[in-house]
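Participant: Can you read through this structure? Questions will come right after.
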Amino acid sequence: MKRALFVFAVLALAGCSKKAPECEAMIKVINPAAEKVKAAGGKGERPEDHIKAMNDIAAASDGAASGLAKVELTVPELKKISTDYQAMAKSIATAARDLADAVKTSDAAGKQMEKTAKDYELAVGKHAQACEEAKDPVDQEGCKRFAEGVGKLPPDASKTAEVEKVAAELDQVAWKGDAIKAAAKAVVATMRANNKVMVDLGAAQNKAEAAEKSFGTASENETKIVDQLNKICHE
């Protein structure tokens, strides 16, 4: 997953005139947060690096919002800018934490997928062996129906509804021998385990896309807010 980074614009202290004290007070909150956000990027490509970066950005953004809330302002225009900036910073913090959660979920799901894939191959192999040794007509018919059902699995594992439909059909296959029945259940269980992983991955991807969209919107808002602050402080 590509990591989205948001960098606060750094304001120059020079140029603040009659509103200088209040402008300076705001900038002293914004600039440290900007530096912390910049420092959060480029620390590695491992999932844990991405997660830490996003959490650091969230903390810096929350710090900017809470810091500005404590700055006493009298100039109406600066009050509005402070309120807008706080809302923007909070939205960044939320988006960053959502991205951190998405990366964490995706990483865990990826590892689980490797496990379920191996479990599925092992379960299928044991069931195939049991079918080769099946002597009872009920079990032989069951093996035939089971193979037909597995053949209906969609090539795209992300089609979880179709996978579950196949799993439900396989649950209905009749067996006489306990061992072959257990082997069949193991196959279905691993199918459902992989299905859950795919659902988790899909949810993580949706969360990440929503968070990245929030980053984009906040970035546009940040630019406008900082331009307004610069204009007011330089009047």
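Participant: Given the criterion assigned to a helix (DSSP H, G or I), in contact (Cβ under 8 Å) with a residue 60 or more places away in the chain and out of contact with any Leu (no Cβ under 9 Å at 6 or more places or on another chain), identify the matching residue among Val138, Val103.
Facilitator: Val103
Participant: Right, next: Report, by residue number, each residue of the range 199-235 that is under 12 Å from Ser106 (Cβ atoms) and touching a residue at least 12 places away in the same chain (Cβ under 8 Å).
Facilitator: Matches in the range 199-235: Asp200, Leu201, Gly202, Ala203, Ala204, Gln205, Lys207, Ala208.
Participant: Moving to a separate point now. Filter the range 65-108 for residues that are surrounded by fewer than 20 Cβ atoms within 10 Å (Cβ to Cβ) and hydrophobic (A, V, I, L, M, F, W, C); which is nearest to Asp49 (Cα to Cα)?
Facilitator: Within the range 65-108, the match that is nearest to Asp49 (Cα to Cα) is Ala108.
Participant: Taking the stated definitions as given, is Lys36 crowded, with 17+ Cβ neighbours inside 10 Å, in the same structural domain as Thr83 (by TED's automatic domain parsing) and not aliphatic (A, V, I, L, M)?
Facilitator: yes
Participant: Name the pairs whose Cβ atoms lie under 8 Å apart, with the first residue in the range 164-177 and touching a residue at least 40 places away in the same chain (Cβ under 8 Å), the second surrounded by fewer than 16 Cβ atoms within 10 Å (Cβ to Cβ) and aliphatic (A, V, I, L, M), and 6 or more positions between them or separate chains?
Facilitator: The qualifying pairs are Lys176/Val138.
The values are calculated or read from the model by the stated rules, or taken from the named source; none is laboratory data. Predicted model only: the values in this text are computed from it and were never measured. Here the Cβ is made from the backbone with ideal geometry for all residues, glycine too, and neighbour counts use every protein chain on show.
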